[in-house]
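Participant: Structure incoming, see below.
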Amino acid sequence: MQSSASSSSRPVAIWVYTGVIMLLVQVVLGGITRLTGSGLSITQWNVFMGTIPPLSHAQWQDVFEKYRQTPQFHILNSGISLADFKFLFFWEWFHRFWARMVGVVFLVGFAGLVWKKKMKKEMVRPLIILFLLGALQGAIGWIMVASGLTGDAIYVEPTRLALHFVFALGLVVYAFWFALQLSVPGQALLGTNPGASRPALISLRRWTIALLFALFFQLLFGALMAGHKAATVAPTWPTINGSWIPDGLFGRSSFLEDLIGNKITVQFIHRGIAYLLLIMVGIWSVLAFRLENIPDYFRKLRWLPGLLILVQIILGITSLLTSPGITPGRWMAFDWLAQFHQVTGLLFLLTIIGMLYLVKPIRYSVTV
């Protein structure tokens with residue numbers, strides 16, 4: 001797609017940005033659903049009829065009875081009332097409802113833009129891919145939920161939660177990149193500025209890619225932290241239960257099992273990547289602030305990665321320290337901090353994606 005935006009693409013860009021915001025809200029709702037323990041309250045995947053929640057007492061009793069057959073109810077929530085269940089049900093239902101609304105906004109917007117002849121044929125393929133990714137994400141979500149409805153599971157399987165989260169981020173990033181292609185003018189890109197130093201720009205581009213690579217693994221292990229509820233195994237800082245290298249690291253039968261299933265290993269890696277990201281953002285910032293003759297877009301935004309990584313680390317530490325206060329069924333300080341930690345992580349990801357777009361090589365493949 002051509003790096004310069006055109007006025008004809010403005011309605012499409014607004015529509016795609018609306019979708020990006022709705023997808024971000026969907027990820028946040030997913031976090032709330034996880035923190036409230038609501039994810040297993042709906043035991044069926046009903047794409048169409050599931051839009052309408054129970055409306056009568058008999059319907060509520062029916063869905064509650066289905067939940068009462070789950071291992072989570074028997075092991076963890078056997079004492080909850082129908083009123084308690086309605087609270088759990090609401091967040092999972094709203095999470096699914098919002099996902100459906102994203103689909104409706106996509107389909108209605110797509111049809112309207114085609115009807116008004118605002119949609120160029122070069123835009124159709126990326127949008128079809130976006131729609132298919134959204135449908136795939138819904139299927140992965142159900143696979144994740146199904147993992148918590150059998151055996152002795154009281155929560156969804158952590159690796160499936162991580163998969164669901166990573167695919168959600170991929171969907172957001174794909175939509176955001178497409179929106180940038182539609183909206184950011186060519187003169188805002190560093191590659192179009194003849195006054196910018198080529199070696200310095202190449203170095204900054206490489207560091208941006210490296211940052212994104214490290215951030216991917218950080219977000220992946222963040223999801224594993226959440227899935228395993230691994231904060232509580234070492235709620236201390238700066239050491240991990242009094243040690244820099246804690247006991248129990250890589251003590252299982254296989255490396256992969258340790259990497260994704262050992263709570264203390266997951267937390268150790270998550271902390272380590274956070275420190276690595278802090279150093280990398282510091283180097284990136286030095287390179288960015290040394291650049292001269294740069295567009296206003298970049299000049300105004302180059303301070304943002306440094307700020308966000310600092311806020312993110314502070315939120316991560318405070319979430320960790322407050323994790324012993326977790327109380328099932330109650331929204332505590334930990335839950336607020338963990339939710340803000342996730343939101344800041346999303347903003348940091350989109351910031352790095354935006355920076356990568358601004359420093360990318362100039363190529364022309366599709367005209368908007």
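The values are calculated or read from the model by the stated rules, or taken from the named source; none is laboratory data. Model, not experiment: these values are computed from the prediction. With ideal geometry, Cβ positions are generated from the backbone for all residues, glycine too; neighbour counts draw on all protein chains shown.
Participant: Testing Ala179 on (1) free of Cβ contacts under 8 Å to residues at least 12 places away in the same chain; (2) among the small types (Gly, Ala, Ser); (3) over 28 Å from Tyr67 (Cβ atoms), one condition comes back false. Which one is that?
Facilitator: The number of the failed condition is (1).
Residues checked against (1) under 28 Å from Met123 (Cα atoms); (2) touching a Leu at 6+ places or on another chain (Cβ under 7 Å); (3) small (Gly, Ala, Ser):
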{"site": "Pro158", "(1), (2), (3)": "no, yes, no"}
{"site": "Leu171", "(1), (2), (3)": "yes, yes, no"}
{"site": "Trp207", "(1), (2), (3)": "no, yes, no"}
{"site": "Gln218", "(1), (2), (3)": "no, yes, no"}
{"site": "Lys229", "(1), (2), (3)": "no, no, no"}
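Participant: Taking the stated definitions as given, is Trp244 of a type in the set (Phe, Trp, Tyr), touching a Leu at 6+ places or on another chain (Cβ under 8 Å) and assigned by TED's automatic domain parsing to the domain that holds Arg198?
Facilitator: Numbers: of a type in the set (Phe, Trp, Tyr): yes; touching a Leu at 6+ places or on another chain (Cβ under 8 Å): no; assigned by TED's automatic domain parsing to the domain that holds Arg198: yes.
Considered against the rule, which asks whether it is of a type in the set (Phe, Trp, Tyr), touching a Leu at 6+ places or on another chain (Cβ under 8 Å) and assigned by TED's automatic domain parsing to the domain that holds Arg198, Trp244 comes out as no.
Participant: Of all residues being of a type in the set (A, V, I, L, M) and closer than 12 Å to Val145 by Cα in region 23-67, which is surrounded by the fewest Cβ atoms within 10 Å (Cβ to Cβ)? Just the residue, please. Don't jump to the end; show me each part of the working.
Facilitator: In the first step, residues of region 23-67 are kept if they are of a type in the set (A, V, I, L, M); the result is 23-25, 27-29, 32, 35, 40, 42, 47, 49, 52, 55, 58, 63.
If we keep only those that are closer than 12 Å to Val145 by Cα as well, we get 40, 42.
Numbers: Leu40: 25, Ile42: 21.
In this case the residue turns out to be Ile42.
Participant: For region 142-156, indicate whether the set of residues that are in contact (Cβ under 8 Å) with a residue 60 or more places away in the chain, under 15 Å from the mean Cα position of the chain (by Cα) and either surrounded by 14 or more Cβ atoms within 10 Å (Cβ to Cβ) or within 21 Å of Leu24 (Cβ to Cβ) (or both) is non-empty.
Facilitator: Looking for residues that are in contact (Cβ under 8 Å) with a residue 60 or more places away in the chain, under 15 Å from the mean Cα position of the chain (by Cα) and either surrounded by 14 or more Cβ atoms within 10 Å (Cβ to Cβ) or within 21 Å of Leu24 (Cβ to Cβ) (or both), one finds none in region 142-156, hence no.
Participant: Evaluate the following for Trp115: is it aromatic (Phe, Trp, Tyr) and more than 24 Å from Val25 (Cα to Cα)? Give the derivation first.
Facilitator: Numbers: aromatic (Phe, Trp, Tyr): yes; more than 24 Å from Val25 (Cα to Cα): yes.
Taking the combined requirement at face value, the residue satisfies it.
Participant: Do we have any residue at all in region 214-221 that's surrounded by fewer than 21 Cβ atoms within 10 Å (Cβ to Cβ), over 22 Å from Leu161 (Cα atoms), among the hydrophobic types (A, V, I, L, M, F, W, C) and out of contact with any His (no Cβ under 6 Å at 6 or more places or on another chain)?
Facilitator: no
Participant: Given (1) hydrophobic (A, V, I, L, M, F, W, C); (2) in contact (Cβ under 8 Å) with a residue 60 or more places away in the chain; (3) closer than 27 Å to Leu201 by Cβ, identify the lone condition not met by Ile260.
Facilitator: Among (1) hydrophobic (A, V, I, L, M, F, W, C); (2) in contact (Cβ under 8 Å) with a residue 60 or more places away in the chain; (3) closer than 27 Å to Leu201 by Cβ, the lone unmet condition for Ile260 is (3).
Participant: Could I ask something else about it? Just give me the residues in region 241-268 being in a loop (DSSP other than H, G, I, E, B) and aliphatic (A, V, I, L, M), in sequence order.
Facilitator: Across region 241-268, the qualifying residues are Ile245, Leu249.
Participant: Residues to consider are Leu276, Leu287; find the one that is within 30 Å of Leu189 (Cα to Cα) and at pLDDT 95 or above. Reasoning before the result, please.
Facilitator: Values: Leu287 fails: at pLDDT 95 or above.
None of the other options fit; the residue is Leu276.
Participant: Can you name the helices (runs of 4 or more DSSP H) wholly within region 49-119 that have at least 3 residues being assigned by TED's automatic domain parsing to the domain that holds Leu29 and free of Cβ contacts under 8 Å to residues at least 24 places away in the same chain? First the steps, then the outcome.
Facilitator: Numbers: elements: 57-67, 71-75, 82-115.
Per the criteria, 57-67, 82-115.
Participant: Spot the failing condition for Thr327; the list is (1) closer than 21 Å to Val233 by Cα; (2) assigned to a helix (DSSP H, G or I), and only one is missed.
Facilitator: It is condition (2) that Thr327 fails.
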